[in-house]
Amino acid sequence: MSQEYHIGEALFQPAEHHDSFEKLWEMKWKLPCTMGVYPFMFGCIQDFQPVVDNIIRKGLREPYNWDEYASCFFPKAEELAAIADAAAAAGEQDKAAEYYLRSSAVYRIARFPAPRSEKQRDAWRAGKAVFYKGAALLPFPIREERIPHVHGNAKEGDVIPVNYLVPPAASAEKPAPLVLIFTGLDGYRTDLAVWQRGWLDNGVATMVAEIPGTGDSPADPRDPTSPDRQWSSVLDWLDKRPEIDSTRIVVWGFSTGGYYSLRAGHTHAQRLLGIVSQGGGCHHMFDRDWLERVNKLEYPFDLANTLAYKFGYTDLESFILEAPKFSLLGDGTLDKFRCTNVLLINGEGDEVFPIDDQYVALEHGWPKMSRTVLNRKHMGEPEAFFIIIQWIYQLFGMNADVSEQMRKMPSKMKY
(Lines give C-alpha, C1' and ligand atoms only; values in the text may rest on other atoms or scores of the structure.)
Protein backbone atom coordinates (compact mmCIF):
# COMPACT_ATOMS: atom_id res chain seq x y z
CA MET A 1 0.00 0.00 0.00
CA SER A 2 2.78 2.42 0.83
CA GLN A 3 4.37 2.13 -2.60
CA GLU A 4 1.03 2.50 -4.33
CA TYR A 5 0.14 5.53 -2.26
CA HIS A 6 3.30 7.38 -3.17
CA ILE A 7 2.72 6.65 -6.84
CA GLY A 8 -0.80 8.01 -6.52
CA GLU A 9 0.47 11.06 -4.66
CA ALA A 10 2.82 11.87 -7.53
CA LEU A 11 0.03 11.45 -10.09
CA PHE A 12 -2.32 13.80 -8.34
CA GLN A 13 -0.27 16.93 -7.83
CA PRO A 14 -1.85 20.41 -8.20
CA ALA A 15 -3.47 20.93 -11.58
CA GLU A 16 -1.17 23.76 -12.64
CA HIS A 17 1.87 21.50 -12.24
CA HIS A 18 1.04 19.07 -15.04
CA ASP A 19 -1.59 17.43 -17.17
CA SER A 20 -2.76 14.35 -15.29
CA PHE A 21 -2.39 11.89 -18.14
CA GLU A 22 0.98 13.14 -19.32
CA LYS A 23 2.31 12.78 -15.78
CA LEU A 24 0.76 9.34 -15.56
CA TRP A 25 2.62 8.26 -18.64
CA GLU A 26 5.95 9.71 -17.51
CA MET A 27 5.65 7.31 -14.55
CA LYS A 28 4.33 4.25 -16.39
CA TRP A 29 7.49 2.26 -15.72
CA LYS A 30 6.74 2.43 -12.00
CA LEU A 31 3.21 1.08 -12.25
CA PRO A 32 2.45 -2.67 -12.23
CA CYS A 33 -0.45 -4.25 -14.07
CA THR A 34 -2.16 -4.76 -10.73
CA MET A 35 -3.39 -1.34 -9.66
CA GLY A 36 -4.62 -0.25 -6.26
CA VAL A 37 -4.18 3.45 -6.95
CA TYR A 38 -7.39 5.44 -6.73
CA PRO A 39 -9.20 5.96 -9.08
CA PHE A 40 -7.80 3.14 -11.25
CA MET A 41 -9.26 0.23 -9.24
CA PHE A 42 -9.70 -2.95 -11.31
CA GLY A 43 -7.49 -1.34 -13.97
CA CYS A 44 -4.30 -2.35 -15.78
CA ILE A 45 -1.78 0.25 -16.85
CA GLN A 46 -1.50 -1.21 -20.37
CA ASP A 47 -5.23 -0.68 -20.88
CA PHE A 48 -4.68 3.06 -20.60
CA GLN A 49 -1.71 3.29 -23.00
CA PRO A 50 -3.74 3.86 -26.20
CA VAL A 51 -6.01 6.24 -24.32
CA VAL A 52 -3.15 8.35 -23.03
CA ASP A 53 -1.41 8.29 -26.41
CA ASN A 54 -4.60 9.57 -28.02
CA ILE A 55 -5.06 12.34 -25.43
CA ILE A 56 -1.45 13.48 -25.89
CA ARG A 57 -1.67 13.25 -29.68
CA LYS A 58 -4.79 15.44 -29.65
CA GLY A 59 -3.15 17.89 -27.27
CA LEU A 60 -6.11 17.97 -24.90
CA ARG A 61 -5.72 20.44 -22.03
CA GLU A 62 -7.91 21.96 -19.34
CA PRO A 63 -10.56 23.22 -19.64
CA TYR A 64 -11.54 19.97 -21.35
CA ASN A 65 -14.24 19.48 -23.89
CA TRP A 66 -15.71 16.64 -21.85
CA ASP A 67 -17.29 14.83 -24.79
CA GLU A 68 -13.98 14.85 -26.66
CA TYR A 69 -12.11 13.79 -23.52
CA ALA A 70 -14.48 10.89 -22.79
CA SER A 71 -14.47 9.69 -26.41
CA CYS A 72 -10.77 8.84 -26.12
CA PHE A 73 -11.57 6.02 -23.69
CA PHE A 74 -14.38 4.22 -25.50
CA PRO A 75 -12.40 2.17 -28.06
CA LYS A 76 -10.28 0.48 -25.38
CA ALA A 77 -13.20 -0.02 -23.00
CA GLU A 78 -15.24 -1.62 -25.79
CA GLU A 79 -12.29 -3.83 -26.79
CA LEU A 80 -11.92 -5.12 -23.22
CA ALA A 81 -15.66 -5.77 -22.96
CA ALA A 82 -15.58 -7.75 -26.21
CA ILE A 83 -12.77 -9.94 -24.85
CA ALA A 84 -14.87 -10.49 -21.73
CA ASP A 85 -17.93 -11.43 -23.80
CA ALA A 86 -15.90 -13.99 -25.73
CA ALA A 87 -14.44 -15.45 -22.53
CA ALA A 88 -17.89 -15.69 -20.97
CA ALA A 89 -19.22 -17.49 -24.05
CA ALA A 90 -16.32 -19.95 -23.80
CA GLY A 91 -17.04 -20.64 -20.15
CA GLU A 92 -13.85 -18.89 -18.96
CA GLN A 93 -15.46 -17.23 -15.96
CA ASP A 94 -12.34 -15.83 -14.27
CA LYS A 95 -11.09 -14.28 -17.49
CA ALA A 96 -14.48 -12.79 -18.28
CA ALA A 97 -14.77 -11.28 -14.81
CA GLU A 98 -11.34 -9.69 -15.07
CA TYR A 99 -11.90 -8.16 -18.49
CA TYR A 100 -15.35 -6.83 -17.62
CA LEU A 101 -13.88 -5.13 -14.54
CA ARG A 102 -10.92 -3.79 -16.53
CA SER A 103 -13.39 -2.34 -19.02
CA SER A 104 -15.29 -0.71 -16.15
CA ALA A 105 -12.07 0.95 -14.98
CA VAL A 106 -11.53 2.56 -18.39
CA TYR A 107 -15.13 3.75 -18.55
CA ARG A 108 -14.71 5.15 -15.02
CA ILE A 109 -11.91 7.49 -16.04
CA ALA A 110 -13.92 8.50 -19.10
CA ARG A 111 -16.69 9.89 -16.87
CA PHE A 112 -14.26 11.14 -14.19
CA PRO A 113 -14.59 13.24 -12.09
CA ALA A 114 -18.32 13.61 -12.82
CA PRO A 115 -20.48 12.86 -15.88
CA ARG A 116 -21.03 16.44 -17.03
CA SER A 117 -21.46 15.75 -20.75
CA GLU A 118 -23.56 13.30 -22.75
CA LYS A 119 -20.55 11.16 -23.67
CA GLN A 120 -19.51 11.01 -20.01
CA ARG A 121 -23.03 9.96 -19.07
CA ASP A 122 -22.78 7.23 -21.71
CA ALA A 123 -19.53 6.13 -20.04
CA TRP A 124 -21.24 5.91 -16.65
CA ARG A 125 -24.04 3.77 -18.08
CA ALA A 126 -21.67 1.51 -20.00
CA GLY A 127 -19.30 1.25 -17.04
CA LYS A 128 -22.11 0.11 -14.76
CA ALA A 129 -23.18 -2.54 -17.24
CA VAL A 130 -19.74 -4.15 -17.57
CA PHE A 131 -19.03 -3.80 -13.86
CA TYR A 132 -22.09 -5.78 -12.84
CA LYS A 133 -21.38 -8.40 -15.51
CA GLY A 134 -17.92 -8.87 -14.04
CA ALA A 135 -18.96 -8.58 -10.40
CA ALA A 136 -21.59 -11.30 -10.93
CA LEU A 137 -18.80 -13.71 -11.90
CA LEU A 138 -16.67 -13.18 -8.79
CA PRO A 139 -16.36 -15.98 -6.21
CA PHE A 140 -18.68 -13.91 -4.01
CA PRO A 141 -20.83 -12.01 -6.51
CA ILE A 142 -21.56 -8.34 -5.92
CA ARG A 143 -25.03 -7.46 -7.10
CA GLU A 144 -27.14 -4.36 -7.21
CA GLU A 145 -30.07 -3.94 -4.84
CA ARG A 146 -32.71 -1.35 -5.65
CA ILE A 147 -34.04 -0.01 -2.37
CA PRO A 148 -37.43 1.75 -2.42
CA HIS A 149 -36.98 5.41 -1.49
CA VAL A 150 -40.03 5.41 0.76
CA HIS A 151 -39.09 8.70 2.42
CA GLY A 152 -38.45 10.60 -0.81
CA ASN A 153 -40.47 13.61 -1.84
CA ALA A 154 -42.05 14.57 -5.16
CA LYS A 155 -38.76 15.99 -6.52
CA GLU A 156 -36.82 12.79 -5.89
CA GLY A 157 -36.53 9.41 -7.51
CA ASP A 158 -38.20 6.37 -6.01
CA VAL A 159 -35.26 3.92 -6.02
CA ILE A 160 -31.84 3.93 -4.31
CA PRO A 161 -29.47 1.57 -6.17
CA VAL A 162 -26.72 0.13 -3.94
CA ASN A 163 -24.09 -2.61 -3.89
CA TYR A 164 -24.91 -5.22 -1.28
CA LEU A 165 -22.69 -8.11 -0.17
CA VAL A 166 -23.43 -10.41 2.77
CA PRO A 167 -21.21 -13.17 4.25
CA PRO A 168 -22.59 -16.61 3.32
CA ALA A 169 -22.89 -17.60 6.98
CA ALA A 170 -25.08 -14.62 7.92
CA SER A 171 -28.59 -15.63 8.96
CA ALA A 172 -31.48 -14.65 11.19
CA GLU A 173 -29.89 -16.78 13.90
CA LYS A 174 -26.47 -15.20 13.40
CA PRO A 175 -26.90 -11.80 11.72
CA ALA A 176 -23.84 -9.94 10.45
CA PRO A 177 -22.76 -6.41 11.32
CA LEU A 178 -22.70 -4.05 8.35
CA VAL A 179 -20.39 -1.31 7.08
CA LEU A 180 -22.42 1.19 5.08
CA ILE A 181 -20.02 2.97 2.72
CA PHE A 182 -20.90 6.47 1.56
CA THR A 183 -19.19 7.24 -1.74
CA GLY A 184 -17.42 10.50 -2.52
CA LEU A 185 -17.53 13.22 -5.12
CA ASP A 186 -16.05 11.12 -7.91
CA GLY A 187 -15.95 7.51 -6.62
CA TYR A 188 -19.26 5.74 -7.13
CA ARG A 189 -20.67 2.41 -5.96
CA THR A 190 -19.03 0.45 -8.77
CA ASP A 191 -15.64 1.86 -7.75
CA LEU A 192 -15.68 1.46 -3.97
CA ALA A 193 -16.69 -2.17 -4.43
CA VAL A 194 -12.97 -2.87 -3.96
CA TRP A 195 -13.60 -2.71 -0.20
CA GLN A 196 -16.35 -5.29 -0.06
CA ARG A 197 -14.50 -8.63 -0.29
CA GLY A 198 -12.14 -7.82 2.59
CA TRP A 199 -15.04 -7.11 4.93
CA LEU A 200 -16.91 -10.23 3.80
CA ASP A 201 -13.94 -12.44 4.67
CA ASN A 202 -14.14 -11.05 8.20
CA GLY A 203 -17.84 -11.83 8.51
CA VAL A 204 -19.02 -8.25 7.90
CA ALA A 205 -21.70 -7.30 5.38
CA THR A 206 -21.24 -4.21 3.23
CA MET A 207 -23.44 -1.80 1.35
CA VAL A 208 -22.11 0.93 -0.94
CA ALA A 209 -24.48 3.87 -1.46
CA GLU A 210 -23.99 7.04 -3.48
CA ILE A 211 -24.40 10.47 -1.94
CA PRO A 212 -26.82 13.07 -3.33
CA GLY A 213 -25.77 14.49 -6.68
CA THR A 214 -23.57 11.51 -7.62
CA GLY A 215 -24.08 8.23 -9.42
CA ASP A 216 -27.72 7.19 -9.27
CA SER A 217 -28.67 8.73 -5.93
CA PRO A 218 -32.32 9.84 -6.17
CA ALA A 219 -31.90 12.55 -3.51
CA ASP A 220 -32.33 16.22 -4.41
CA PRO A 221 -28.72 17.52 -4.43
CA ARG A 222 -29.76 21.12 -3.70
CA ASP A 223 -31.76 20.25 -0.60
CA PRO A 224 -29.55 20.00 2.52
CA THR A 225 -32.10 17.69 4.15
CA SER A 226 -32.39 15.22 1.25
CA PRO A 227 -29.68 12.89 2.58
CA ASP A 228 -31.69 12.46 5.78
CA ARG A 229 -34.57 11.03 3.74
CA GLN A 230 -32.28 8.82 1.69
CA TRP A 231 -30.58 7.28 4.72
CA SER A 232 -33.93 6.77 6.45
CA SER A 233 -35.08 4.73 3.45
CA VAL A 234 -31.85 2.71 3.44
CA LEU A 235 -31.92 2.02 7.18
CA ASP A 236 -35.60 1.06 7.07
CA TRP A 237 -34.75 -1.50 4.39
CA LEU A 238 -31.83 -2.86 6.44
CA ASP A 239 -34.05 -3.15 9.52
CA LYS A 240 -36.12 -5.69 7.60
CA ARG A 241 -33.15 -7.84 6.57
CA PRO A 242 -32.93 -10.81 8.97
CA GLU A 243 -29.31 -11.46 7.96
CA ILE A 244 -28.23 -8.00 9.21
CA ASP A 245 -27.74 -6.98 12.83
CA SER A 246 -29.29 -3.52 12.65
CA THR A 247 -27.82 -2.63 16.06
CA ARG A 248 -24.32 -2.90 14.55
CA ILE A 249 -24.27 -0.63 11.52
CA VAL A 250 -21.27 1.66 11.01
CA VAL A 251 -21.12 4.28 8.25
CA TRP A 252 -17.79 4.99 6.58
CA GLY A 253 -17.89 8.16 4.46
CA PHE A 254 -15.07 8.82 1.99
CA SER A 255 -14.13 12.43 1.21
CA THR A 256 -17.34 14.28 0.31
CA GLY A 257 -19.09 11.22 1.69
CA GLY A 258 -17.47 12.12 5.01
CA TYR A 259 -19.56 15.29 5.08
CA TYR A 260 -22.67 13.14 4.69
CA SER A 261 -21.55 10.54 7.24
CA LEU A 262 -20.97 13.27 9.84
CA ARG A 263 -24.45 14.60 9.19
CA ALA A 264 -25.94 11.09 9.44
CA GLY A 265 -24.08 10.54 12.70
CA HIS A 266 -26.21 13.34 14.15
CA THR A 267 -29.53 12.98 12.33
CA HIS A 268 -29.59 9.17 12.68
CA ALA A 269 -27.57 8.78 15.85
CA GLN A 270 -29.95 6.26 17.42
CA ARG A 271 -29.81 3.99 14.37
CA LEU A 272 -26.04 3.84 13.90
CA LEU A 273 -23.38 2.29 16.09
CA GLY A 274 -20.82 4.73 14.72
CA ILE A 275 -19.67 6.77 11.75
CA VAL A 276 -16.33 7.55 10.16
CA SER A 277 -15.80 10.86 8.39
CA GLN A 278 -12.61 10.37 6.38
CA GLY A 279 -11.50 13.59 4.75
CA GLY A 280 -14.96 15.10 5.09
CA GLY A 281 -15.71 18.75 5.68
CA CYS A 282 -18.60 20.36 7.50
CA HIS A 283 -18.39 24.17 7.37
CA HIS A 284 -15.37 25.95 5.86
CA MET A 285 -15.53 23.70 2.80
CA PHE A 286 -18.42 25.94 1.73
CA ASP A 287 -16.60 29.26 2.25
CA ARG A 288 -16.15 31.52 -0.77
CA ASP A 289 -12.44 31.96 0.00
CA TRP A 290 -11.92 28.20 -0.13
CA LEU A 291 -14.05 27.51 -3.19
CA GLU A 292 -12.42 30.29 -5.21
CA ARG A 293 -8.95 28.80 -4.68
CA VAL A 294 -9.41 25.06 -4.48
CA ASN A 295 -9.28 24.43 -8.25
CA LYS A 296 -5.50 24.97 -8.12
CA LEU A 297 -4.70 22.80 -5.12
CA GLU A 298 -4.46 19.04 -4.63
CA TYR A 299 -7.33 17.79 -6.78
CA PRO A 300 -6.31 16.96 -10.39
CA PHE A 301 -9.43 18.44 -11.99
CA ASP A 302 -11.62 21.50 -11.40
CA LEU A 303 -12.78 20.65 -7.88
CA ALA A 304 -14.96 23.68 -7.16
CA ASN A 305 -16.80 23.34 -10.46
CA THR A 306 -17.25 19.61 -9.90
CA LEU A 307 -18.67 20.30 -6.44
CA ALA A 308 -21.04 22.86 -7.95
CA TYR A 309 -22.25 20.23 -10.43
CA LYS A 310 -22.63 17.63 -7.67
CA PHE A 311 -24.73 19.99 -5.52
CA GLY A 312 -27.01 20.68 -8.48
CA TYR A 313 -25.73 24.05 -9.76
CA THR A 314 -24.93 24.89 -13.37
CA ASP A 315 -22.24 27.46 -12.54
CA LEU A 316 -19.74 28.00 -9.75
CA GLU A 317 -20.89 31.46 -8.67
CA SER A 318 -24.46 30.28 -8.11
CA PHE A 319 -23.14 27.47 -5.92
CA ILE A 320 -20.85 29.77 -3.94
CA LEU A 321 -23.75 32.10 -3.18
CA GLU A 322 -25.89 29.28 -1.77
CA ALA A 323 -23.19 26.95 -0.42
CA PRO A 324 -23.41 28.17 3.22
CA LYS A 325 -26.85 26.55 3.53
CA PHE A 326 -25.08 23.17 3.50
CA SER A 327 -22.89 24.01 6.51
CA LEU A 328 -23.49 21.61 9.41
CA LEU A 329 -22.57 24.42 11.77
CA GLY A 330 -24.76 27.00 10.09
CA ASP A 331 -27.86 24.80 10.00
CA GLY A 332 -27.37 23.72 13.62
CA THR A 333 -26.75 20.03 12.94
CA LEU A 334 -23.60 19.88 15.03
CA ASP A 335 -25.24 21.53 18.05
CA LYS A 336 -28.87 20.46 18.05
CA PHE A 337 -28.42 16.68 17.78
CA ARG A 338 -26.56 14.28 20.04
CA CYS A 339 -24.27 12.20 17.83
CA THR A 340 -23.37 8.54 17.77
CA ASN A 341 -19.74 7.33 18.07
CA VAL A 342 -17.80 9.51 15.63
CA LEU A 343 -14.29 9.16 14.22
CA LEU A 344 -13.01 12.19 12.31
CA ILE A 345 -9.82 11.49 10.39
CA ASN A 346 -7.87 13.39 7.75
CA GLY A 347 -4.42 14.38 6.60
CA GLU A 348 -3.09 17.56 8.15
CA GLY A 349 -2.31 19.03 4.73
CA ASP A 350 -5.67 18.34 3.08
CA GLU A 351 -6.16 20.60 0.07
CA VAL A 352 -9.57 19.26 -0.91
CA PHE A 353 -11.48 20.16 2.26
CA PRO A 354 -9.84 22.34 4.93
CA ILE A 355 -8.52 20.53 8.00
CA ASP A 356 -10.11 23.39 9.98
CA ASP A 357 -13.45 21.63 9.53
CA GLN A 358 -12.23 18.77 11.68
CA TYR A 359 -11.77 21.21 14.54
CA VAL A 360 -15.13 22.88 13.91
CA ALA A 361 -16.79 19.49 14.39
CA LEU A 362 -14.82 18.89 17.60
CA GLU A 363 -15.69 22.29 19.05
CA HIS A 364 -19.46 21.86 18.70
CA GLY A 365 -22.01 19.41 20.02
CA TRP A 366 -21.41 16.04 21.61
CA PRO A 367 -17.76 14.85 22.10
CA LYS A 368 -16.18 13.03 19.18
CA MET A 369 -12.98 11.12 18.47
CA SER A 370 -10.45 12.62 16.08
CA ARG A 371 -7.16 11.67 14.45
CA THR A 372 -4.98 13.85 12.22
CA VAL A 373 -2.41 12.06 10.07
CA LEU A 374 0.76 14.14 9.86
CA ASN A 375 2.53 14.78 6.56
CA ARG A 376 -0.41 13.52 4.51
CA LYS A 377 -2.92 15.30 2.34
CA HIS A 378 -6.57 14.52 1.59
CA MET A 379 -7.99 11.63 3.62
CA GLY A 380 -4.67 10.84 5.32
CA GLU A 381 -3.96 7.82 3.16
CA PRO A 382 -2.65 5.17 3.55
CA GLU A 383 -2.24 5.30 7.33
CA ALA A 384 -5.83 6.43 7.85
CA PHE A 385 -7.18 3.17 6.43
CA PHE A 386 -5.46 1.09 9.09
CA ILE A 387 -6.69 3.38 11.87
CA ILE A 388 -10.27 3.35 10.58
CA ILE A 389 -10.54 -0.40 10.09
CA GLN A 390 -9.13 -1.09 13.55
CA TRP A 391 -11.63 1.39 15.05
CA ILE A 392 -14.51 -0.36 13.29
CA TYR A 393 -13.23 -3.74 14.47
CA GLN A 394 -13.39 -2.44 18.04
CA LEU A 395 -16.95 -1.16 17.63
CA PHE A 396 -18.01 -4.55 16.30
CA GLY A 397 -16.09 -6.42 19.00
CA MET A 398 -13.97 -8.16 16.36
CA ASN A 399 -10.44 -9.51 16.42
CA ALA A 400 -9.08 -9.44 12.87
CA ASP A 401 -5.91 -8.59 10.95
CA VAL A 402 -6.07 -5.13 9.38
CA SER A 403 -3.04 -5.76 7.18
CA GLU A 404 -4.59 -8.92 5.77
CA GLN A 405 -7.78 -7.05 4.92
CA MET A 406 -5.84 -4.24 3.26
CA ARG A 407 -3.93 -6.73 1.10
CA LYS A 408 -7.22 -7.82 -0.44
CA MET A 409 -8.13 -4.38 -1.73
CA PRO A 410 -5.93 -4.01 -4.86
CA SER A 411 -7.23 -5.93 -7.84
CA LYS A 412 -4.97 -8.80 -8.92
CA MET A 413 -4.97 -9.43 -12.64
CA LYS A 414 -4.11 -12.79 -14.21
CA TYR A 415 -4.54 -12.18 -17.94
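Mind counting the residues in segment 158-199 that are among the charged types (D, E, K, R) and over 20 Å from R121 (Cβ atoms)? First the steps, then the outcome.
We begin by selecting, within segment 158-199, every residue among the charged types (D, E, K, R); these are 158, 173-174, 186, 189, 191, 197.
Remaining after also requiring over 20 Å from R121 (Cβ atoms): 158, 173-174, 197.
Of the residues in that region, 4 qualify.
Determine, yes or no, whether Q394 is free of Cβ contacts under 8 Å to residues at least 24 places away in the same chain and touching a helix residue (DSSP H, G or I) at 6+ places or on another chain (Cβ under 8 Å). No: the conditions fail for Q394.
Looking at Y359, is it in contact with a strand residue (DSSP E or B) (Cβ under 9 Å, 6 or more places away or on another chain) and either aromatic (F, W, Y) or not assigned by TED's automatic domain parsing to the domain that holds H266 (or both)? Yes; evaluated as a whole, the condition is true for this residue.
In this structure, does G347 turn out to be closer than 17 Å to F286 by Cα and in contact (Cβ under 8 Å) with a residue 12 or more places away in the chain? So G347 fails the test.
For segment 79-91, the count of residues that are charged (D, E, K, R), surrounded by 14 or more Cβ atoms within 10 Å (Cβ to Cβ) and under 24 Å from the mean Cα position of the chain (by Cα) is zero. Note on segment 190-290: enclosed helices (runs of 4 or more DSSP H) holding 1 or more residues that are in contact with a helix residue (DSSP H, G or I) (Cβ under 9 Å, 6 or more places away or on another chain), small (G, A, S) and surrounded by fewer than 22 Cβ atoms within 10 Å (Cβ to Cβ) are 196-201, 226-239.
Taking segment 315-415 and the helices (runs of 4 or more DSSP H) fully enclosed by it, the elements with 3 or more residues that are farther than 19 Å from A269 by Cα are at 316-322, 356-363, 383-396, 402-407.
Segment 38-139 holds helices (runs of 4 or more DSSP H) entirely within its bounds, and those carrying 1 or more residues that are without any contact (Cβ under 8 Å) to a residue 24 or more places away in the chain and within 21 Å of P161 (Cα to Cα) map to 118-135.
When each of R108, R57, R61 is tested for being among the basic types (K, R) and within 22 Å of R125 (Cβ to Cβ), the lone residue that passes is R108.
The values are calculated or read from the model by the stated rules, or taken from the named source; none is laboratory data. Please read all numbers here as calculations on a predicted model, not as lab measurements. When we count neighbours, we look across all protein chains shown, and the Cβ atoms used for this are built from the backbone with ideal geometry, even at glycine.
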